[in-house]
Amino acid sequence: MLKTSLVLAFLLLLAPPAPASVVIHDGAPGIVAISDNGSSCVLDSNGHVWNFSDGWHRLPDWDVPMPIENIKFWEAGYLITMNNELWVGFPFVNWGPWPGGAMNVQEQTWGQIKARYVNGEQPVREGE
């Protein structure tokens, strides 16, 4: 976990800020995304990452862990899936879904909420 944390610190704090590359899902072979963080890398339709700074060199530890069709955004060292899961590192580790998504709520009227407090009930949070 420490290694992953250090990689994340490098990627998010030390690397120059840049937008992630949208992955092209057109079914054509070849390059589907390019890294914009100064790493001189591209992602191909097979999920392989290539560096082009001094000729073409494949970086197998940087390959994505899933089919290209499941990736929304990619940058060398991290990706976002179609399900909004963050994957980080070399090799990739799943950091889970984005916590800012939709939340399950129980719909109640203002009167129902007030009545719970008048009756001495405590609010119940989801998962408790």
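Every number here is computed from the coordinates shown, using simple stated rules; none is lab data. The structure presented is a predicted model; accordingly, all values stated were derived computationally and were not measured. Here the Cβ positions follow ideal geometry from the backbone for every residue, glycine too, while neighbour counts run over all protein chains shown.
Some points to look at:
- For residue 37, the residues whose modelled amide H falls within less than 5 Å of its own, excluding neighbours fewer than 5 places apart on the same chain, are 76.
- Estimated inter-spin distance, residue 70 and residue 116, nm [label 7 Å along Cα→Cβ]: 3.7 nm
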